[in-house]
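The structure appears right after this line, and notes come after that.
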Amino acid sequence: MAPAPRKAMSEPGLWWLCLPAAAVFVVFFVIPVASLFGLSFNKSVAGVISYSNELTFDNFVRIFTRATYYEAILRSIWIAAVVSVTSLAFGYPLAYLIAKTTHPGRNTLLMILVLSSMQLDMVIRLFGLMVLFGDNGLINGFLLYLGLISRPLPLMYNTFGVIVGLVQITLPFMVLSLIGIIKAIHPSLEEAARSLGASRLQAFFSIVLPLSMPGILAGALLVFALSISSYVVPALMGGWKVIVLPIHIYQQIAEVGRWQFGAAIAVVLFVTSVIAVAIYHQAAARTSGGRT
Amino acid sequence: MSDIQLKNLTKSYGTYTAVAGIDLKIGEGEFFSLLGPSGCGKSTTLRMIAGFIRPTSGEIFIGSDEVTALPPEKRDIGIVFQNYAIFPHMSVAENIAFGLKLRKRPKEEVRSKVKAALQQVGLAGYEDRYQRQLSGGEQQRVALARVLVTEPRILLLDEPLSALDKSLREEMKYWIKDLQKRLGITTVYVTHDQDEALTMSDRIGVMQKARVVQVGTPEEIYERPKTLFVTTFIGHSNVIDVTVVSKGPDMMVVLDGRKLPTRGPENLEAGRAAKLVVRPENVLINPDARASVTLSAKVIGESYQGAIVRYRLGIGAQEIIAERQNSIGNERFSPGAEVMIGWDPGMTEVLAT
Ligand SMILES: Nc1ncnc2c1ncn2[C@@H]1O[C@H](COP(=O)(O)OP(=O)(O)OP(=O)(O)O)[C@@H](O)[C@H]1O
Ligand SMILES: [Mg+2]
């Protein structure tokens with residue numbers, strides 16, 4: 001058995017090593033986000049960013065009394081959940097293939113394929129998708145040319161388009177979370193199952209899949225968090241027709257200038273995401289027997 | 001339970017041949033070891049028998065069934081891996097029940113068989129433990145129990161002791177052998193450790209560079225090696241340059257100007273240079289009448305090993321090793337001493353270079 005790794009934190013005199021990271025985290029994340037969240041308890045006034053002492057819950061009351069906002073909450077959760085599942089469905093076979101490919105050349109090629117999609121800026125990748133999926137795009141053009149359809153299929157500027165865009169963006173994250181875990185499952189486990197009488201499929205479902213659970217959970221969580229907070233993808237692929245929470249935030253702050261109300265939606269988005277993740281984590285811990 | 005037959009079994013990877021035309025018959029209930037250095041193709045052979053590797057050519061029979069094209073799950077085998085491969089997400093009981101559940105045995109039967117299997121391997125009461133709560137030796141036993149409850153026709157073991165520390169390895173060696181004997185299950189055991197092969201096996205197949213070079217009982221392999229490789233791989237041997245004087249059962253060779261009787265194969269013609277092989281424990285110092293061959297030699301070095309003392313001796317320009325029991329009353333010799341050495345010609349062998 002390998003000796004337990006020494007814990008750096010319990011090593012006297014090494015705690016300061018985490019100071020730089022902590023400083024960056026506080027200055028560039030905690031302070032800006034906390035100040036934005038602080039704004040949400042001020043009265044909403046267009047064009048004003050400074051704090052006032054008058055605290056109010058008006059912004060939150062408004063969010064939960066207007067259908068447009070709580071529908072957006074549900075839509076955000078729903079889309080993020082669908083993207084997580086879809087990304088897993090596409091990502092797992094790919095990750096499995098990469099993890100099981102021992103040929104070094106082929107393995108590198110597959111990894112480059114996955115990583116190269118992360119090399120380009122998200123906006124550029126989405127423009128690529130738009131070329132493919134638009135009403136005058138390649139897919140519709142081709143199907144129209146073949147006469148299989150008489151008018152363009154609605155592939156974009158709807159929920160479907162947003163989901164496709166998000167899956168495209170999040171897939172590499174899913175694959176990367178899975179590869180390491182699948183690689184760590186020793187091949188002899190699968191072979192032991194086979195020798196005990198399990199078919200290839202039975203060995204996969206009784207051994208490999210359960211042992212991939214930590215990667216599946218981590219990947220799905222990551223994809224969920226990326227999806228629920230994405231603004232660019234719903235904006236470009238949804239064409240402002242698929243209104244999720246980040247779109248509301250952007251509209252309130254950038255278009256109407258009501259920072260306080262935008263901040264309130266951001267708080268709701270953040271809390272929603274945290275609650276969803278917590279519920280998911282609980283459920284996951286139960287299904288995997290506490291082995292996450 | 002069944003015997004195993006390998007017919008001209010071959011595995012090539014591109015131009016590299018990992019296993020080159022092995023022919024073997026392993027008898028029912030036999031404990032057969034494949035012994036050889038790293039990379040000689042032992043695991044590849046075992047994994048072809050198990051069905052994890054498809055042979056390039058050749059045939060595999062278990063009992064009277066040809067299994068060459070069958071997937072592993074249809075072969076009715078049990079295999080224990082070097083790392084034991086205990087399923088980490090299942091308890092010990094679930095691990096052992098795995099094969100029985102796949103065979104759709106009733107719950108009651110599964111439970112009682114799991115219990116009996118744990119008893120058999122001396123781990124009663126370990127049902128609810130997980131892999132991370134088991135020592136290496138315990139994992140080993142669980143792996144065996146998991147295999148044995150399914151009552152496989154043959155048992156395959158790939159270096160099952162190499163991950164254990166020395167004292168546990170000794171203990172498990174005898175334990176596995178006992179269990180195998182009790183069950184009478186045909187067993188193929190892969191190892192690069194000659195001690196394991198010699199103490200556990202009914203027969204050993206020594207492998208070298210993708211081929212089986214000698215098959216025999218431990219005594220035959222140790223005392224009647226057919227090639228220099230076998231004699232140097234199994235234990236220590238003195239390999240001495242000699243010249244053949246006459247061939248056959250009454251073979252004579254010349255060493256250091258003296259004619260010595262020995263044994264050797266028919267194909268070594270007189271006048272040829274050859275190697276005389278004699279084990280260090282068979283080289284006697286200042287022997288009594290038992291040794292019909294005697295030579296004068298000089299002690300070059302002495303090294304104390306506890307139970308034995310090892311001497312480096314010079315015969316002419318050649319050096320050989322002699323080992324003597326370090327028991328009370330046995331004389332010790334210092335470097336520089338002139339001694340007589342001798343051996344029983346029946347304990348020597350002449351091999352082609
Ligand atoms: N998939 C493969 N592709 C190419 N060569 C392989 C492959 N698997 C094994 N080999 C080669 O075949 C030879 C035999 O391998 P094998 O695993 O049978 O050795 P072994 O006798 O079990 O050695 P060890 O004692 O180190 O386990 C080795 O030289 C190895 O490099
Ligand atoms: Mg091996």
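The values are calculated or read from the model by the stated rules, or taken from the named source; none is laboratory data. Just so it is clear, the structure is predicted and the values come from calculations on it, not from any experiment. Cβ sites come from the backbone with ideal geometry, for glycine too, and all protein chains shown count toward neighbours. We work out accessible area using only protein heavy atoms, side chains counted, and drop any ligands, DNA or RNA first. Shrake-Rupley method; radii C 1.70, N 1.55, O 1.52, S 1.80 Å.
What residue among A:V45, A:V268, A:V277 has the largest mean-square fluctuation in a Gaussian network model of chain A, using Cα springs under 10 Å? Its mean-square fluctuation being the largest, the pick is A:V45. Couplings for the stretch B:94-106, taken from phi via the Karplus curve 6.51 cos²θ - 1.76 cosθ + 1.60 with θ = phi - 60°, read 5, 4, 6, 6, 3, x, 5, 5, 4, 8, 6, 6, x Hz in order; Gly and Pro are left as x. Mean partner shielding of peptide B:94-101, defined as the number of other chain Cβ atoms within 10 Å of each residue Cβ, is 3. Relative contact order for the stretch B:2-230: 29 percent, from Cα pairs under 8 Å spaced at least 6 residues apart, divided by residue count. Could you tell me which of rounded, prolate or oblate describes chain A, using a ≥ b ≥ c as the square roots of the eigenvalues of the alpha-carbon gyration tensor, with rounded for a/c under 1.5 and, failing that, prolate when a/b is larger than b/c and oblate otherwise? Because a/c hits 1.5 or more and a/b fails to exceed b/c, chain A counts as oblate. Amide H to amide H distances under 5 Å link B:Q214 with B:V206, where only residues 5 or more positions off or on other chains count and H is placed in the peptide plane. Amide hydrogen proximity for B:N238: with H placed 1.01 Å from N in the peptide plane, the residues at 5 or more positions away or on another chain lying under 5 Å are B:V278, B:R279. In terms of the mean number of neighbouring beta-carbon atoms within 10 Å, the peptides B:86-95, B:328-337, B:54-63 order highest first as B:86-95, B:54-63, B:328-337. Couplings 3J(HN,Hα) of the stretch A:109-121, computed from phi: 4, 5, 5, 4, 4, 5, 6, 4, 5, 8, 6, 8, 4 Hz, in residue order, whole Hz [Karplus 6.51 cos²θ - 1.76 cosθ + 1.60, θ = phi - 60°; x for Gly and Pro].
Take every pair of alpha-carbon atoms less than 8 Å apart whose residues are at least six positions apart; their mean separation over the length of the stretch B:236-352 yields a relative contact order of 31 percent. Annotation: the antiparallel percentage among DSSP beta bridges lying fully within the protein assembly as shown is about 75. When the pairs B:K177/B:K209; B:K7/B:K42; B:K209/B:K275; A:K183/B:K101; B:K113/B:K173; B:K226/B:K247 are compared against a 18 Å limit on Cα-Cα distance, B:K177/B:K209; B:K209/B:K275; A:K183/B:K101; B:K113/B:K173 fall above it. Comparing Cα centroids, the stretch B:294-322 and the stretch A:140-161 end up 91 angstrom apart.
Database remark: amide H of B:A337 closer than 5 angstrom to the amide H of B:V299 (H placed geometrically; neighbours at sequence offset of 5 or more, or on other chains; Pro and chain starts carry no H).
Averaged over the residues of B:52-59, the number of partner chain Cβ atoms lying within 10 Å of the residue Cβ comes to 1. Peptide B:84-92 has a mean of 5 when you count, residue by residue, the C-beta atoms of other protein chains within 10 Å of its C-beta. For B:M252, the solvent-accessible surface with a 1.4 Å probe is about 50 Å², rounded to the nearest 10. Karplus-based coupling profile of the stretch A:58-69, in residue order and whole Hz: 3, 4, 6, 4, 4, 4, 8, 10, 9, 3, 4, 7, with θ = phi - 60° in 6.51 cos²θ - 1.76 cosθ + 1.60 and x standing for Gly or Pro. Each Cα pair under 8 Å and six or more residues apart adds its separation to the average, and for the stretch A:160-227 the resulting relative contact order is 51 percent. Each part reduced to its alpha carbon centroid, the stretch B:1-49 and the stretch B:93-169 end up 26 Å apart. In chain B, the DSSP beta bridges split such that about 75 percent are antiparallel, to the nearest 5.
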